[in-house]
């Protein structure tokens, strides 16, 4: 019968302090990650054009950049007509280099 007992105040305070520390650590980590984004150069774009089939995940793995950055680069190349999209779904986009370039 008695039900669950209340936790001591000292334990509750320790848990609150630990949560505060986790929040501050996460904020610092996110700031560091944002600074590591690399602006791609023309040599990166040229090496992408050398591939037979291009996907955002293959570009991100090969060059060590975020998938979102790889998607931006590929979208930019598609707008410039340097690559063409051959398959598209909500989760995957496959590109090939344009034959004229």
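The values are calculated or read from the model by the stated rules, or taken from the named source; none is laboratory data. Everything numeric here is computed off the predicted structure, so don't read it as measured data. For neighbour counting, all protein chains shown are included, and Cβ atoms are generated from backbone atoms with ideal geometry for every residue, glycine included.
Given 94, 65, 73, which one is under 18 Å from residue 42 (Cα atoms), in contact (Cβ under 8 Å) with a residue 24 or more places away in the chain and not in a helix (DSSP H, G or I)?
So the residue among 94, 65, 73 that is under 18 Å from residue 42 (Cα atoms), in contact (Cβ under 8 Å) with a residue 24 or more places away in the chain and not in a helix (DSSP H, G or I) is 65.
Taking residue 40, is it modelled with pLDDT under 75, surrounded by 10 or more Cβ atoms within 10 Å (Cβ to Cβ) and within 30 Å of residue 99 (Cβ to Cβ)?
yes
I'd like to verify a number: residues in segment 51-62 that are free of Cβ contacts under 8 Å to residues at least 12 places away in the same chain and in a loop (DSSP other than H, G, I, E, B), how many?
0
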